[in-house]
Amino acid sequence: MTSGAATFARALSRDPAFAAVALARSLQAAGLPVTPDRSASFVAAASLLGPAGRAELYWAARLGFVTSRDQIPVFDAVFGALVDGIADPAGDARGDPGASAPASRSSRPRSGEAAGPDGPGGAGAGAARGRAEVREVPVGLRASGAERLADVRLDELDDAELAVVGRLVRELALATPPRRARRSRRSLRGEHLDVRATLRRSHRTGGDPVMRLHRRRRDRPRRLVALLDVSGSMAPYARAYLLLLEGAARGARAETFVFATRLTRVTKALRDGRARVALERASAAAPDWAGGTRLGEALRRFNDGFGRRGMARDAVVVVFSDGWERGDPSLLGREMERLARLAYRIVWVNPRVAARGFSPVTGGMAAALPHVDELISGHSLAALDAVVEAIGRHR
Amino acid sequence: MTGELAELLPDVDAVTASLDGVDYLADAGLATAMFLSLRLPQPLLLEGEAGVGKTEAARALAAALGTRLIRLQCYEGMDSAEALYEWNYPRQLLRIRLAEAGGADVGEDDLFGRDYLVSRPVLEAIEHPGPLPAVLLIDELDRADPDFEAFLLELLADAAVTIPELGTIRATVPPAVVLTSNRTRDLHDALKRRCLYHWIDYPPADREVEIVRRRVPGTSGELAGDVVRALARLRGSDVQKPPGIAEGIDWVAALELLGAERLDARAADRTLGAVLKYREDQAAVRAAGLETLVGRPA
């Protein structure tokens, strides 16, 4: 047993609550969601396991505190630092024993100097033809104060304007088309005879089934999966889109991922109303924040990790990206094909579509387009109406 | 019952040994998790890649305890009639008809008695007489609706089930509950808080060889070693569905059946369908050359 582990074990047997709280605080400082009952469960586990070596301590603590796979690396770092590394936790109760853990969130997001939305748009004016239709955006008017802002490009809003628009954006209700649920509901008309209900009803009429009852399949909304590009060129739009998805995370129970070079699931942060936190976390995870996107790689991550397991199956998938692929476009094409096989419909929101002379003939967008069901701009508040519409459309 | 359980499984080593006795090789983490789950007692939430043996772990736990495994496979739209209990309507109706024909009287209390209740897995687990707890496996919980998790909370917290016509049925011996999830969606925090959480990783190579040889008796160490090395390569490569332990066992069984003594390119070619279930994956592996897949370290 390492001396650190021995010290900790001693502290634990001397004053279990105190040692547990010291560990809990370190974990909390490193970003793990720790609640008092977790500490209690750790103490109970440790006392059951008896005189503890490092391995027993490790498992008691991990089983007590960790509630998801993503937390394991952070936990390992903090546990390692506390038990093998630094100090007697009881000696430093007011301090922050986890401060040296590598998980500390010191890397602030650099406010990405946008590479500018003037990418390889191309000059050809021909309309793209794949599975996609490039739609002109209808101008829908929203409530009074924001009318002026309705058609302003989202990347040209200043902070005050964004606050106004943000409120409206949050209210846009995203709803996916329904799918047939497995469960059925009793109804007077429907495809199947409900024998049980019919028999029961027949008691009222002396055993003759006068009234026939049926069952009909229920409709459920489809899952909505949003993949949001937060790389430099998309950064000005990402703020507004995240607000849209924050509303959707609660209303339509959307699953949201953000990516620049890595894919991060932010559903939970959005559901708790922390869009800003989600953005910060995503940018902290993307070391080259302003450097462009590895779209194909991010999609591959999604397909391998979540899509294949069932998240994308029969769902409406919305990709928010300018399609500016830094990696290999053919990988993007392959991954889009895989995604298209899983998903019900794929909607691609690309603010550059609205630019004059835009034509998706180059690079990433061209590779992705054959597998996209609808390509729309979503570049202004008014244009977001079209996004709402596209998400609700049937195949 | 805690007494008997404590006697049977006094410490983690005893858990490891009795799981070993039923041919399930658990590492320190999983054995500790099971030990704590039984003795605290607290439900155990297992997550891990498909095919690392989550379901098998619950099965082994039941076998090690010598009790029943009661399995509830979750799916979308599952409701309490399928998880908990249902009234046996045809039988109630028959009883009424018989009573009518015989001119007898039948009261409501007769009809809503225990005889007319059909137990589903959760109720079955609650009513398990003991002395050792039954193992209730709630498999692939992430497939069920979020509402179902809320329904589980009463079960997990009190080991009790409420039936309006009969009242609350409390477990004499609370079942050992094992939940598994494939992480297609996040489970609710309220549920996670009541559980011990354990992530099952792929086992290290030597242990996996041992597992495979246990499950396919008569396999030579060489063949099992070949297969495990190939599995590790596949998991490290770009395949869409990395093979789990279960696929490895199938693969070895297939090779055994064909009489292969070592895994070479020809044998791999004939049995690739046992490990890779996507056409693209098979094509990619064949394109890279089966030689590199089965190649032995120099």
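Each reported figure results from applying straightforward, stated rules to the coordinates on display, with no laboratory input. All values reported here derive from a predicted model rather than from experimental measurement. FYI the Cβ positions are ideal-geometry reconstructions off the backbone, even for glycines, and counts take in every protein chain you see.
Quick look at the values:
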item	result
Nearest-20 debye value, the protein assembly as shown charge dipole, Cβ charges on Lys, Arg, Asp, Glu	1800
For region A:32-43, 3J(HN,Hα) per residue [Karplus equation, 6.51 cos²θ - 1.76 cosθ + 1.60, θ = phi - 60°, Hz, x = Gly/Pro]	7, x, 10, 10, x, 5, 5, 4, 4, 5, 5, 4
Pairwise FRET efficiency - B:Asp115 versus B:Thr292, Cβ, R0 = 56 Å, nearest 0.05	0.30
Residues with amide H under 5 Å from that of A:Thr256, placed H, sequence gap 5 or more	A:Ala226, A:Val266, A:Thr267
Two-site label geometry, A:Asp151 and A:Val277: point separation in nm, points 7 Å out along Cα→Cβ	4.0
Whole-number percent relative contact order across region A:180-220, with pairs defined as alpha carbons under 8 Å at least 6 apart	60
Karplus-derived 3J(HN,Hα), 6.51/-1.76/1.60, for each residue of region B:199-204, Hz, glycine and proline x	9, 8, 9, 4, x, x
Per-residue HN-Hα couplings for region A:366-379 [Karplus 6.51, -1.76, 1.60; θ = phi - 60°; Hz; x = Gly/Pro]	5, 5, 7, 3, x, 9, 9, 7, 8, 10, 9, 8, x, 8
Qualifying GluC sites (Glu not before Pro) in region A:159-252, DSSP loop, other Cβ atoms within 10 Å at most 15	A:Glu191
Loop-resident sites, region A:181-277, for trypsin sites (Lys or Arg not before Pro), counting at most 16 other Cβ within 10 Å (DSSP)	A:Arg189, A:Arg212, A:Arg253, A:Arg262, A:Arg274
Ascending count of other beta-carbon atoms within 10 Å, so fewest first, for A:Phe8, A:Phe358	A:Phe358, A:Phe8
Distant-in-sequence amide H partners of B:Leu179 (H built 1.01 Å from N, under 5 Å)	B:Leu44, B:Leu45, B:Leu46, B:Ile138
Relative contact order (%) - criterion: Cα under 8 Å, at least six apart; region: region B:121-220	33
With at most 16 neighbouring Cβ atoms within 10 Å, loop chymotrypsin sites (Phe, Trp or Tyr not before Pro) (DSSP) excluded, longest segment of chain B	B:113-277
Neighbour net charge for A:Arg300 - beta-carbon separation under 13 angstrom, K R +1, D E -1	-2
